[in-house]
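Asker: Below: one structure in structure tokens.
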Amino acid sequence: MSNNPTADVSVRIAWADDADAIAAVQVRAWQVLYADVVPADALPSDPAPVAEIWRSSLAKPADARNRVLIALERNRVTGFALTGPAADPDADPIADGELSELTLDPGERGKGHGSRLLQAAVDTLAADRFTRVATWVIVTDDDHRRFLTEAGWAPDGAHRELDLDGTGTTTVRQVRLHTAIG
């Protein structure tokens, strides 16, 4: 018997019952991710309304290839990823998939959950017959960009600016990264 127990970790497709846990992770992550971008009072602090949106989208996805994957430690959600067809105007609707979000609970970084989640997301996109995947990363999020580039992703030259509040006063600049899969 080993003295080095391994954690009970996994990744699976999310169910509607996971909505509360996903929303809680997302709200905690947003507090960190957007701390220098969005006024604190503009960020949701109550996961309940966010969970309702998750419950609805998990129960009835807009496209069969839209998937939500969750990383688990035992039965606790530690992060999530969203995959599906690429939405960019220059994307090939058959070949190009998108990792539209890869979010870890801030307290769970550095424990391998992100790597497992990223691998499962790429495997899921490959199973859906996509051959390329793109994702958008906040320009100032050096840790996330480094994580992806170390996994073989590279910038393709595309940039965009997102208007987070609809008024043009709170914007975030992003860079697109891509990788070949399959």
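Laboratory data are not the source of any read-out in this text; all were calculated from the coordinates shown. Computed from a predicted model, the values in this text were never measured in an experiment. All Cβ positions, even for glycine, are placed from backbone atoms using ideal geometry, and neighbour counts span all protein chains on display.
Asker: Only helical DSSP H runs with n ≥ 4 go in: add -39500 (n - 2.57) per run for the chain, normalise by residue count and round the 222 nm mean residue ellipticity to 500 deg cm²/dmol. If you can, show how the numbers build up before the last one.
Answerer: Values: 4 runs with 52 residues, N = 182.
The per-residue figure over the chain is -9000 deg cm²/dmol.
Asker: Which number do you get for Rg(Cα) / (2.2 N^0.38 Å) in the chain?
Answerer: Values: Rg = 16.5 Å, N = 182, 2.2 N^0.38 = 15.9 Å.
The value comes to 1.04.
Asker: R0 = 41 Å: FRET efficiency of A127 with T167, Cβ-based, nearest 0.05?
Answerer: Values: r = 40 Å, r/R0 = 0.98.
Using R0 = 41 Å, I get an efficiency of 0.55.
Asker: Hey, in the GNM for the chain with a 10 angstrom Cα cutoff, which one of D105, D128, D41 fluctuates hardest?
Answerer: D41
Asker: Give the calculated FRET efficiency between I53 and A87 to the nearest 0.05, with a Förster radius of 25 Å applied to their Cβ-Cβ distance. Present the calculation step by step, with values, prior to reporting the outcome.
Answerer: Working: r = 18 Å, r/R0 = 0.71.
Calculated transfer efficiency: 0.90.
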